[in-house]
Each structure stands twice: as C-alpha cells, then as structure tokens.
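What follows is one structure encoded as structure tokens, with my remarks underneath.
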Amino acid sequence: MVDEGFRIHSNVISSQVDIHHEYGGVVPELASRHHVLNIVTVVDSALKTAGVALPDLHGVAVTAGPGLVGALLVGLQFAKSLAFISGKPLLAVDHLMAHLEAPFLDREDAGPAFPHVCLLVSGGHTVIGVRRSPFDLEVLGATRDDAAGEAYDKVAKMLGLGYPGGRLIDDHASQGDRAAIRFPRALRGQSGWDFSFSGLKTAVKQHLANHGLPADSKGLADICASFQEAVVDVLMERVRQAVDHTGLRQVVVAGGVAANTRLRAVLEREATDARWQLFVAPPILCTDNAAMVAVVGQRRLEAGQLADLALNATSSWSGRIS
Ligand code: KG4
Ligand code: ZN
C-alpha cells in the first residue's frame, strides 16, 4: 500500500519460494492454488499493517500481466471484487512498468526525472529502453531468447542449487574467481540492442558435461562467479551504449536481477566513473512486491485511467507499457 508520494504504508510479501524450491522452478498450478489460499490473509494483513480500512483506499491496483495466467486471474478476480464492494476505482497494472517504479518508492527526493534510460532484468524479461514519461517506454532492445533471471535459474538448476537460482548463484559467486572460466558474451561488441542468454546457458551445460559437477565449494563458486560475470558484462555493455546513444544521465535498473550484488557494484562504479546517476531500489523492492504495483495504480489514478470490470489477464508482453 502506498500514498500519493509513493511512500510505503505496507508491503506484505507471501513468498512461494519454499513451495517451488524442490521442483527447481515455478509450478503454475501450485502458484495459483497458493494464491487462492493466501490472498485474503495477505490483503487483510496489508490493510492492518497500514492501519487503514477499505473505505480509506483511493483505489485498488492489480497486475493484469504479463505473467502466469492462472496466478494473475486469482489476483484479478479478488481485486475486482474488492473494487466492486468498496466502490473504489480498479487500476490495471503492467508488471514490467511496476518493476520500473520500484526506485521511486520511499524517497526523500523526487526520484529519476523523465526521460531516463532503463534496464529491466527479471525472470521473464530483459529489456533496455528509454522511459520518456510514466506510460511511454521506448524499447531499444530485448532478449532474443532467455531472460537474464531465467538463465540464472536454469544454471542454478544444472548446478543442483535449487530455485530461485539468482540469489543462490549470487551468494556462491562472492567466494569465486570471476576469471576462472571464460564463458561467452553473446552479441557483445555487435551493433544493435538485443541480448541473448541461451548460448551462455549452453556453455555452462557443456562445461559441466566436460568437467562434471564441481567437486568442492571453490569449484562451484568459480563457475557461479564466471557465469555471473558474463551476464553482468553483457548487461553493462547495453547500459553504456544506451547512455552514450541518448545522452541521458539518469539510469533506472529494475527487476529481480537488479538485486544482484555484482551487477549493483559494477553499476555503481560505472555511474561514478562515467558521471551518470544510478537509480536502483533496495534488493527487497527489486523482486516482485505489491508496493511497486501500487505506484502504477497511483499514476493511473492521477491520469484518470480507470480499468473496468471486464479487465482480463495477459500472459505475454505487448512490447509497450500502456
Ligand atoms: O522480478 P522477479 O522477482 O520476477 C519476475 O518478474 O520474473 O525476478 C525473479 C528473478 C529470478 O529469475 C531470480 O533468480 C532473479 O530474479 N534474482 C536474482 C537475484 N535475486 C533474484 N538474480 C541474480 N541475483 C540475485 N541476487
Ligand atoms: Zn517480476
């Protein structure tokens, strides 16, 4: 729950990590079923933590997509019912836009000005672009295959680390040698804006086929650190390219992979060296959360863009935020 100034009043997260961990990835039906089980308690707890009741709300924001349709439908149906019984406006939220709002939360200053460069790196998407205004994202490039977070999750699964892989690889990588193995950096040095991570994933698979699973924690840490360095290198190249190309001096980095400690450290150093300003949310607000969804809701309310009760879920991204 957020107010007009994007200050967080409550941000209740009901993690399903333990449920999906043993499967090495999200099982869609289980995700939906646990949404059904948890949604009432989570909303109740969000209201209580914020110290408000339904009549105090200005609107009900809900993610319409992109995402797993079964899980989205649970949220949509609940939000519609809430809006209907409370008489509050229903506000439709694009999940990618919500991620891009995370750095606007709980700030003392106004946050990034428009336009700014943005890099969105999550489990489902990898996009570099220019956000010209809240509802206008110019996409410069995106991944041709796997998303950055997806590559983390798949490599973690190959290494037997479990789900979600990003944070686990991040942890192991901190003990490893980033130069131990030279994994490929796809499309690096080529013109254009796209990303590709499937070759990197295959290279790790090939390495494991040739050398077997690492025998000790140092071997594991080296693979994690070397893989992570390849991911960070290709992301950083596009950020540099976007700053040079646009001349913009503010960069937003968002999505679950923005919680990565190495990516954050390299971004901070680059921002200082190249004299641009980095906006990245605290790690807990980089991964999926309700507060970032509420920011989009507030912007929609201000713009008078109210959804109607026919709002439906979308699984894939249209390539724009609208
Ligand atoms: O944004 P998010 O919470 O959900 C999606 O919209 O996809 O992102 C989840 C992704 C997962 O792939 C997860 O492995 C990755 O973010 N992730 C990380 C880290 N924490 C989460 N990747 C790298 N380093 C991390 N510390
Ligand atoms: Zn997300």
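The range 299-322 and the range 1-79 have Cα centres spaced 17 Å apart. Each peptide in 8-20, 281-293 gets a packing score, the mean of other Cβ atoms within 10 Å over its residues, and the list from highest to lowest is 281-293, 8-20.
With helices defined as uninterrupted DSSP H runs, which ones in the chain have an alpha carbon span along their own long axis of at least 24 Å and mean Kyte-Doolittle hydropathy of at least 1.0?
Working: long enough: 28-50 (31 Å, 0.36); 69-86 (25 Å, 1.63); 217-246 (43 Å, 0.14).
Correct list, ordered by number: 69-86.
Rolling a 1.4 Å probe across all protein chains gives Asp94 an accessible area of roughly 20 Å².
Applying the Karplus relation 6.51 cos²θ - 1.76 cosθ + 1.60 with θ = phi - 60° to the range 103-116 yields 3J(HN,Hα) values of x, 8, 6, 6, 9, 7, 9, 7, x, x, 8, 9, x, 8 Hz, where x marks Gly and Pro.
In a solvent-free Debye calculation with one equal scatterer on each Cα, what is log10 I(q)/I(0) for the chain at q = 0.09, 0.10 Å⁻¹, listed in the order of the q values? Taking Cα atoms of the chain as identical point scatterers yields -0.47, -0.58.
With a sphere of radius 13 Å drawn around the Cβ of Glu150, what net charge do the other residues whose Cβ falls strictly inside it have (Lys, Arg +1; Asp, Glu -1)?
Working: positive: Arg144, Lys154, Lys157, Lys201; negative: Asp145, Asp146, Asp153.
Counting the neighbours of Glu150, the net charge comes to +1.
Proximity of backbone amide H atoms, modeled 1.01 Å from N, is registered between Gly141 and Ile128 at under 5 Å, excluding neighbours fewer than 5 places apart on the same chain.
Sort Glu108, Glu29, Glu237, Glu138 by accessible area with a 1.4 Å probe, largest first.
Details: Glu108 170, Glu29 110, Glu237 40, Glu138 70 Å².
Highest to lowest solvent-accessible surface, that is Glu108, Glu29, Glu138, Glu237.
Report the charge-dipole magnitude of the range 113-280 in Debye, nearest 20, computed about the Cα centre from +1 at each Lys and Arg Cβ and -1 at each Asp and Glu Cβ. Let's see the in-between values first.
Details: 20 positive and 19 negative charges, 17 e Å.
Using only the charged Cβ atoms, the result is roughly 80 debye.
Mind grabbing the accessible area of Arg178 for me, 1.4 Å probe, Å², rounded to tens? Number for this one is 110 Å². From the Kirkwood radius over Cα pairs of the range 235-313, Stokes-Einstein at 10 °C and 1.306 mPa s returns a whole-number translational diffusion coefficient of 108 µm²/s. Expressed as a whole percent, the accessible surface of the chain that belongs to carbon and sulfur atoms is 53, based on a 1.4 Å probe.
Here the range 113-280 has an Rg and Dmax of 15.8, 51 Å, counting Cα atoms alone.
What do you reckon, how do Tyr23, Tyr163 stack up by accessible area (1.4 Å probe), largest on top?
Tyr23, Tyr163
Once you reduce the range 179-201 and the range 98-137 to the center of their Cα atoms, the two points are 24 Å from each other. Counting only heavy atoms of the protein chains and using a 1.4 Å probe, Glu4 has close to 110 Å² of accessible surface.
Please list Arg262, Arg240 in order of solvent-accessible area, largest first, computed with a 1.4 Å probe with all protein chains present. Can you show the working numbers first?
Numbers: Arg262 45, Arg240 90 Å².
Ranked list, largest accessible area first: Arg240, Arg262.
The charge dipole of the chain, taken about the Cα centre with unit charges on the Cβ atoms of Lys, Arg (+1) and Asp, Glu (-1), comes to about 420 debye, rounded to the nearest 20.
Identify which of Val52, Val69, Val204 has the largest mean-square fluctuation in a Gaussian network model of the chain, with springs joining Cα atoms closer than 10 Å. Of the options given, Val52 has the highest mean-square fluctuation.
Using helices alone, I'd like the mean residue ellipticity at 222 nm for the chain: each DSSP H run of four-plus residues gives -39500 (n - 2.57), total over residue count, nearest 500. Could the numbers behind the result be given before it?
Working: 11 runs with 149 residues, N = 322.
Result for the chain: -15000 deg cm²/dmol, rounded to the nearest 500.
The values are calculated or read from the model by the stated rules, or taken from the named source; none is laboratory data. Since the model is a prediction, treat every value here as computed from it, not as a measurement. Cβ: placed from backbone, ideal geometry, glycine included. Neighbour counts: every protein chain shown. Please note that ligands, DNA and RNA were not included when accessible areas were found on the heavy atoms of the full protein model with its side chains. Shrake-Rupley method; radii C 1.70, N 1.55, O 1.52, S 1.80 Å.
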